[in-house]
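Asks: One structure coming up, written as structure tokens, with questions to follow.
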Ligand SMILES: Cc1ncc(C[n+]2csc(CCO)c2C)c(N)n1
């Protein structure tokens, strides 16, 4: 019976390159250049606006009240928790929300956000959730992995708030709910359909790698 693990193990190399990317290691050790984090976070502000739209699309494509609630919970987390972190870091750097809204989107941001929105438009709710899975489940695994590393520095780490948000109990609960939903839906798909979904998952994972790389390349 297929499950989420079949998606990540079908592209194990890309999945690991995403979770254990140099950007993530350096962030955990507190030695990521501020220029890299700043560029990443500003682009992530633009990214989150489109991902909020993707969850709104998931709400629209939902067939049950439970699915509708799950999609709107993610939408709410982006608008009322995640973006606050971005706005907070940026205001410490003297960057206002008006400044952020005028930033040009990088190619990595454009490619990833529009890819996910296209998956949702042309496909069904499962395609869209699979395109969103590297983002939600990946960040959950990244936060867990970071906390497991001996080299991860929390005290005096300028990125500690970022790590804390993605390792919070609320966030872990959302990741768990997503995994359960995916496992239930994937258990019903054919081999052929699973192959299509692996392609979507792999592409989204590669776009996550490009997003980290965009940050590193800035420094
Ligand atoms: C490039 C990039 N990938 C993933 C996330 C994490 N994230 C974005 S939306 C969302 C779901 C609702 O919380 C999560 C976990 C990010 N911020 N930036």
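Asks: Between residue 216 and residue 20, what length comes free when the chain is fully extended (0.36 nm per residue of separation minus the Cα-Cα distance, one decimal in nm)?
Replies: Full-extension gain reported as 69.2 nm.
Asks: Right, something else. Per DSSP H run of n ≥ 4, the term is -39500 (n - 2.57); total these for the chain, divide by its residue number, and report the mean residue ellipticity at 222 nm rounded to 500 deg cm²/dmol.
Replies: Only helices count here, giving -25500 deg cm²/dmol.
Asks: Using only Cα atoms and rounding to the nearest 10 degrees, what angle (0 to 90) does helix 65-77 make with the longest principal axis of the chain?
Replies: 10 degrees
Asks: Could you grab the relative contact order for the chain? Cα pairs under 8 Å, six or more apart, rounded to a whole percent.
Replies: Reported relative contact order: 42 percent.
Asks: Using R₀ = 41 Å, calculate the FRET efficiency as 1/(1 + (r/R₀)^6) where r is the Cβ-Cβ separation of residue 13 and residue 97; round to 0.05.
Replies: Efficiency at R0 = 41 Å is approximately 0.60.
Asks: Right, here's the next one. State, to one decimal in nm, how far the label point of residue 151 lies from the label point of residue 31, with both points 7 Å from Cα in the Cβ direction.
Replies: The answer from the label model is 0.7 nm.
Asks: Nearest 10 degrees is fine. How inclined is helix 169-186 to the longest principal axis of the chain, computing both from alpha carbons?
Replies: Once rounded, one gets 30 degrees.
Asks: Can you give me the distance in nm between label points at residue 176 and residue 53, each placed 7 Å from the Cα along the Cα-to-Cβ direction?
Replies: 3.4 nm
Asks: Cα axis of helix 107-122 to longest principal axis of the chain: angle in degrees, 0 to 90, nearest 10?
Replies: Result, in degrees: 20.
Asks: Still on this structure, please answer the following. Given q = 0.13 Å⁻¹, what are the Debye log10 I(q)/I(0) values for the range 4-218, with equal point scatterers placed on the Cα positions and solvent ignored?
Replies: Results for the range 4-218 at q = 0.13 Å⁻¹ read -0.72.
Asks: Residue 167 to residue 68: extension gain in nm, 0.36 nm per residue of separation minus the Cα-Cα distance?
Replies: That works out to 33.2 nm of additional length.
Only the coordinates and a few stated rules stand behind these numbers; no lab work does. Keep in mind it's a predicted model, so treat the numbers as computed, not measured. Here the Cβ is made from the backbone with ideal geometry for all residues, glycine too, and neighbour counts use every protein chain on show.
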